[in-house]
């Protein structure tokens, strides 16, 4: 049984789910390129770069869902995704939605004890990973976590040279997988789990499908992605914003996405040369260091926009130091939910109000705030449509028994 989670958006937004966006894009623009791997992927991951059309992406996610079903993953299960910024991360997220499972993403550079805590908090039944990212042995990390968390039943791996005990997801045929039943997706279905440290512990932050779409629509109000202007993404998986900005929004806009490895300056320079009008998504600490000369003369001259994605848990937090690229937007994003969208100030000074008008406010039901917070004894409480639900270990155990 899949528990419903939270309200839905009003019509016509209520028809939008990650699965419906992917299906629509694969139908209207099947041959359009959706995802391009980092051109240097083989050097840091041992796998040749992949390029997927919208139709190819949809079919790859459906097939992976059938693989997961064959390996014993069921609807309602949590699947821990320990993957770098490659095409497999959006494939895995959509595959979970096909199956009715819930993807839970974690940063690849987390220590094993933190990954173990994340797996326990969400009650993970499976892990999807790859052998390595540079010097980080992801496959070994995944195997250690699986050995310590009793709820994990299988570990699947993309690529080659996987450690013993990890099931390779390469080379499967249609005859190797069980039939995947059709399943309706609802906006109130559990859509994504991320993790956040709070009060000395690790919390699992659960978003519904509708909340994921709402955050992407909020971004679309200022980021004009379309079939002509694509996205260059440096956002490494591990946060809700990496999914809202790097997957849901491009699916909604039917835009192309170029994925870049761990701050690979050479790959970024090439991507900017190939697509000089693309948007560049980057974490705030990276974007704050950029100058127009960073990638060579003229490389950022004609770029459509530079989007800095900043994590801040309090409204008075510093977003970015002064920057020299005036086309930048700073998006204040926490795992609790998207708070606001701000223009990067020329002097680096921000005076943020205590409450925010969210771009989705105008389409929500009456008296429904997108995201609000209250302070009680030094702690911040979050509420509204866009507020993620905190899932603790005991909640995951109860959910696992119910499923």
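The values are calculated or read from the model by the stated rules, or taken from the named source; none is laboratory data. Only a predicted model underlies this, so the values are computations on that prediction, with no experimental measurement involved. Cβ sites come from the backbone with ideal geometry, for glycine too, and all protein chains shown count toward neighbours.
Considering (1) closer than 15 Å to residue 193 by Cα; (2) without any contact (Cβ under 8 Å) to a residue 24 or more places away in the chain, say which one residue 140 fails and leave the rest.
(1)
Say whether the condition of being within 23 Å of residue 104 (Cβ to Cβ), touching a strand residue (DSSP E or B) at 6+ places or on another chain (Cβ under 6 Å) and part of a loop (DSSP other than H, G, I, E, B) is met by at least one residue in the range 210-225.
No - not one qualifying residue is present in the range 210-225.
Looking only at the range 229-284, count every residue that is within 20 Å of residue 31 (Cβ to Cβ) and out of contact with any strand residue (DSSP E or B) (no Cβ under 9 Å at 6 or more places or on another chain) and tell me the total.
Residues meeting the conditions: 1.
For the range 169-197, how many residues are touching a residue at least 12 places away in the same chain (Cβ under 8 Å) and not in a helix (DSSP H, G or I)?
Of the residues in the range 169-197, 20 are touching a residue at least 12 places away in the same chain (Cβ under 8 Å) and not in a helix (DSSP H, G or I).
If you check residue 321 against the conditions, is it under 18 Å from the mean Cα position of the chain (by Cα) and modelled with pLDDT under 80? Break it down stepwise before answering.
On the way: under 18 Å from the mean Cα position of the chain (by Cα): no; modelled with pLDDT under 80: yes.
When the stated conditions are applied, residue 321 does not pass them.
Residues checked against (1) closer than 20 Å to residue 11 by Cα; (2) at pLDDT below 90:
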site: 201; (1), (2): no, yes
site: 228; (1), (2): no, yes
site: 235; (1), (2): no, yes
site: 243; (1), (2): no, no
site: 251; (1), (2): yes, no
site: 266; (1), (2): no, yes
site: 280; (1), (2): no, yes
